[in-house]
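Take a look at the structure set out below.
The values are calculated or read from the model by the stated rules, or taken from the named source; none is laboratory data. Please read these numbers as outputs of a predicted model, since none were measured by experiment. Positions of Cβ are generated from backbone atoms using ideal geometry, with glycine treated the same way; all protein chains shown enter the neighbour counts. Please note that ligands, DNA and RNA were not included when accessible areas were found on the heavy atoms of the full protein model with its side chains. Shrake-Rupley method; radii C 1.70, N 1.55, O 1.52, S 1.80 Å.
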Amino acid sequence: MTFSARQQLCLMTLLISSVLLSGCSDPPHFEGQYIGTLGDQCMPGSGLPAALDMHLDIRVDDPEKRNPSYVARLRSNAFGEFPVSAPGKLDGDQLVFEFDKDEAHGWTGYQPQLLVVMTLEPHAGKEGHLWMKAFSLTALDGRTESANIETLTLEDLTERASANILGERGLCLAPAS
């Protein structure tokens, strides 16, 4: 074998090894209790819109699996607790949750059905923190022909609040103490 053929074989072996080892990396860790915080530095404090002033509890559904599935409960200062745990969908390094709260008729009035969809990913710069990359809240009214009352996104909510709510990659979720 010539020297250049040997070099090519070594480079090919190195390339194959690195590809195989990259597939062995652990999936991102999302389990924990989180609260919404302010800015890139994930500072606790007031100023979050009520819908984003939340407590998110994420648990592993089956910890024995290599690729675990996640469930979460959401409580927001604006909408209270969503009564159902939502299963998460892991897509690469992102975790997507869809929460649904049924409409309610009661002595306090009518509350429309609420649908919250959020996309989370690990915060590379802060251990144990997450980025909420996307958030949408849709209110649906089953009493009308056009059921969609309003949809609010992460950007809509932050436009209505003071500056520096969002960080560079979205809303920072810090571990709850």
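Does ALA104 count as at pLDDT 70 or above, more than 25 Å from MET132 (Cα to Cα) and open to solvent by less than 50 Å² (accessible area, probe 1.4 Å)?
Values: at pLDDT 70 or above: yes; more than 25 Å from MET132 (Cα to Cα): yes; open to solvent by less than 50 Å² (accessible area, probe 1.4 Å): yes.
Criteria met by ALA104.
Could you check segment 92-106 and list, in sequence order, the residues that are in contact (Cβ under 8 Å) with a residue 24 or more places away in the chain and under 11 Å from the mean Cα position of the chain (by Cα)?
ASP93, GLN94, LEU95, VAL96, PHE97
Among all residue pairs at least 6 apart or on different chains, which show Cβ distances below 9 Å where the first residue, located in segment 118-131, is open to solvent by 40 Å² or more (accessible area, probe 1.4 Å) and the second is among the polar types (S, T, N, Q)?
LYS126/GLN41
Does at least one position in segment 107-115 carry a residue that is under 23 Å from GLU159 (Cα atoms), open to solvent by less than 30 Å² (accessible area, probe 1.4 Å) and touching a residue at least 40 places away in the same chain (Cβ under 8 Å)? Before the answer, list the steps.
Step one: of segment 107-115, the residues under 23 Å from GLU159 (Cα atoms) are 114-115.
Within this subset, residues satisfying the condition of being open to solvent by less than 30 Å² (accessible area, probe 1.4 Å) are 114.
This time we only want the ones that are touching a residue at least 40 places away in the same chain (Cβ under 8 Å), so: none.
No, segment 107-115 contains no residue that is under 23 Å from GLU159 (Cα atoms), open to solvent by less than 30 Å² (accessible area, probe 1.4 Å) and touching a residue at least 40 places away in the same chain (Cβ under 8 Å).
For the subset of segment 33-49 comprising residues that are open to solvent by 50 Å² or more (accessible area, probe 1.4 Å) and part of a strand (DSSP E or B), which member is modelled with the lowest pLDDT?
Here the answer is MET43.
Restricting to segment 72-87, name every residue that is at pLDDT below 85, surrounded by fewer than 18 Cβ atoms within 10 Å (Cβ to Cβ) and not polar (S, T, N, Q).
ALA78, GLY80, GLU81, PRO83, VAL84, PRO87, listed by residue number.
Within segment 137-154, identify whether any single residue is open to solvent by 60 Å² or more (accessible area, probe 1.4 Å) and modelled with pLDDT of 80 or more, and answer yes or no.
So far as segment 137-154 goes, no, none of its residues is open to solvent by 60 Å² or more (accessible area, probe 1.4 Å) and modelled with pLDDT of 80 or more.
I'd like to check something: does segment 50-61 contain any residue that is over 27 Å from LEU115 (Cβ atoms), surrounded by fewer than 20 Cβ atoms within 10 Å (Cβ to Cβ) and modelled with pLDDT under 85? Spell out how you get there, then give the answer.
Residues of segment 50-61 over 27 Å from LEU115 (Cβ atoms): none.
No, segment 50-61 has no match at all.
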